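The values are calculated or read from the model by the stated rules, or taken from the named source; none is laboratory data. Owing to the predicted nature of the structure, the values given are computational and were not obtained by experimental measurement. For neighbour counting, all protein chains shown are included, and Cβ atoms are generated from backbone atoms with ideal geometry for every residue, glycine included.
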Amino acid sequence: MVENLKIGLITSQLSLNNAKKSLSIYEEIKDFINIARVQNNIGNIYSDFIRYKNDKKEREKNYSISEEYLHKSLEFYNIEKYPYEFARSYQNLGSLNLLMMCNDDDKDKIYSYYIKAEKNYEMCKKVFVKDKYENEYINLYYNLMTLYFQELKRIGDMTLLSKIMDNSKFILDICTIENRPKIYVDTNNIMADAYKFAIETCEITNESEKIDFIEETIAKYEIVLGFREFIISDKLNMIINCKCQSKGLPLLIKLS
């Protein structure tokens, strides 16, 4: 794992060096379309650095630089002439803010990154429509679903659960186990984890709603367990305990 991080860091640094050289050349000849393209790439490289740095100050420094370069690319990529590139840069900004949100423990900063990411992703909806950019459309709604799930885990706001489920519908309207098995399973897994989190940590006073959540959790995990090979003991415990709870039985079963 550590070795992979070192390799990733070295590779990203080499990519950054080459990108900055290219940027200097394009700036000298005033090749604006390639300037914007490389600025977007540099922004993504600094975003990658965040994944490789454990130091909080280093992460925040790389975040600021990444955000600056991505915004610079948007000075050229206007939605009228370059709609795809416009949306792509906003998608990258959204993913940058989502990444920072997942790597911070300050509630105010988490919320700030969350709001920024949501606004960034909303900008993409102007361009990434299902009939024209299906893959990007799916990725956009997957990112939004992930954003709401990560925020739910951090602040425990139950209103986010409906946003997770609403965005998952856009994905599952297209993705099936046959045509896009990975994203289909991953989406069901996030939905199940979200229901599980709500059951375990949020106060659900409506007993009927709680039973619905338990049944949805079981159904989603059964989809995941049917098509993915991974360590399943914790999630099997959840399924067994949910079934016990729905029948009014004590939660005594624990798999090792």
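Is there a residue in region 103-122 that is under 14 Å from the mean Cα position of the chain (by Cα), assigned by TED's automatic domain parsing to the domain that holds N40 and modelled with pLDDT under 95?
Within region 103-122 (the criterion being under 14 Å from the mean Cα position of the chain (by Cα), assigned by TED's automatic domain parsing to the domain that holds N40 and modelled with pLDDT under 95), the answer is yes, since at least one residue qualifies.
Counting only residues that are outside any helix (DSSP H, G or I) and within 26 Å of Q13 (Cα to Cα), how many does region 66-107 have?
3
Scan region 111-122 for residues that are crowded, with 19+ Cβ neighbours inside 10 Å and among the aliphatic types (A, V, I, L, M) and report the count.
1
Quick one: would you say R88 is at pLDDT 95 or above and not small (G, A, S)?
On the way: at pLDDT 95 or above: yes; not small (G, A, S): yes.
Yes, satisfied.
Residue check, Y142 against (1) among the hydroxyl-bearing types (S, T, Y); (2) outside any helix (DSSP H, G or I); (3) under 19 Å from the mean Cα position of the chain (by Cα), all met but one. Which one?
(2)
Quick one: Y63 ticks every box in (1) at pLDDT 95 or above; (2) within 20 Å of L16 (Cβ to Cβ); (3) surrounded by fewer than 21 Cβ atoms within 10 Å (Cβ to Cβ) bar one, so which box is it?
All conditions are met except number (3).
Hey, could you check region 149-167 for residues that are of a type outside the set (A, V, I, L, M, F, W, C) and touching a residue at least 24 places away in the same chain (Cβ under 8 Å) and say which is nearest to G226 (Cα to Cα)?
Step by step, filter region 149-167, then rank; the result is N167.
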